[in-house]
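Encoded as structure tokens, the structure appears first; notes follow it.
The values are calculated or read from the model by the stated rules, or taken from the named source; none is laboratory data. Here the structure is a predicted model, which means the values were calculated and not measured. Note: ideal-geometry Cβ built from the backbone for every residue, glycine included; neighbour counts use all protein chains shown. Note: accessible area is taken over every heavy atom of the protein model, side chains too, but ligands, DNA and RNA are not part of it. Shrake-Rupley method; radii C 1.70, N 1.55, O 1.52, S 1.80 Å.
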Amino acid sequence: CMKNASWLTDTFDVQKYLCPVRCISFDGFVTCNGAYVEYQNKCVYKHPMELDSLLASLKVADEIDAVVYLESRDHMYVYNSQNPLHADFAYRWAMNPEVVVTDFNPEQIEVYIGMIVAKCEEDCPIIVEKLSPYFDVSQHVNQLSFDLTLKGQSKAIGIEEVMKFFNGTLEDAWAFGDANNDFEMISAVGHGIAMGNAVDAIKEIADDITLPAWEDGIAHTLKKYNWID
């Protein structure tokens with residue numbers, strides 16, 4: 001967060017929170033776990049997924065009948081969209097059907113992060129084993145789905161690129177997080193705040209802990225530190 005700019009990182013993953021958030025006019029976005037950053041509709045930083053990594057995720061999806069999501073700036077490419085897992089996952093993550101693409105050539109798209117959804121618990125170790133050489137594989141809390149973040153990328157890197165853009169440093173940045181993919185971000189910034197509903201690993205490294213997301217935890221902390229009235 002910066003006092004003269006509002007930012008959104010991709011931590012909202014529940015439909016009832018996403019819908020009102022989309023009505024807010026944010027100045028910038030740190031998305032795709034830091035691999036794509038935008039300010040006032042201009043790309044500040046991006047790190048596209050290499051083709052071998054992309055194809056590896058699709059191969060695993062074929063082997064275990066999983067669904068893969070590949071995220072670009074404007075589209076969500078869905079592989080194995082006919083799988084019933086897709087309809088449920090798309091609803092829970094409030095995917096806009098207008099941006100979903102189910103027929104695509106993997107060699108002709110530019111994407112920055114992937115997600116994979118497994119059918120059962122037994123498939124999860126297969127995902128981790130086969131995709132860890134290409135990605136940092138992070139399982140969503142209490143779900144059979146995973147973020148596939150490119151090796152070397154994180155939300156901390158995305159925020160660092162934002163701070164460079166404004167001639168600042170990570171020490172000047174504030175961040176709120178709740179999940180395992182927020183670990184680097186909360187560790188790196190000068191003021192890392194854990195949501196009240198955060199996993200224990202995030203709470204242990206945070207500078208402060210606020211209320212849960214559904215109790216307006218971000219607003220609570222912004223008031224606490226006199227960022228807003």
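Look at W227 and say whether it is open to solvent by less than 90 Å² (accessible area, probe 1.4 Å), in contact with a Cys (Cβ under 6 Å, 6 or more places away or on another chain) and either more than 20 Å from D136 (Cα to Cα) or at pLDDT 95 or above (or both).
So W227 fails the test.
What residue, among those in the range 184-205 that are in contact (Cβ under 8 Å) with a residue 24 or more places away in the chain, hydrophobic (A, V, I, L, M, F, W, C) and open to solvent by 20 Å² or more (accessible area, probe 1.4 Å), is nearest to L150 (Cα to Cα)? Out of the qualifying residues, it is A188.
Is one or more of the residues making up the range 151-161 farther than 21 Å from A175 by Cα and not in a helix (DSSP H, G or I)? Among the residues of the range 151-161, at least one is farther than 21 Å from A175 by Cα and not in a helix (DSSP H, G or I), which makes the answer yes.
Among residues of the range 94-107 that are farther than 11 Å from S81 by Cβ, those with a Cβ under 8 angstrom from a residue that is of a type in the set (D, E) and in a loop (DSSP other than H, G, I, E, B), sequence gap 6+ or separate chain, pair up as V99/D74. Scanning the range 96-118 for residues that are at pLDDT 95 or above and open to solvent by 60 Å² or more (accessible area, probe 1.4 Å) yields T102, D103, N105, E107, Q108, E110. With respect to being hydrophobic (A, V, I, L, M, F, W, C), within 29 Å of V189 (Cα to Cα) and assigned to a helix (DSSP H, G or I), V128 fits the description.
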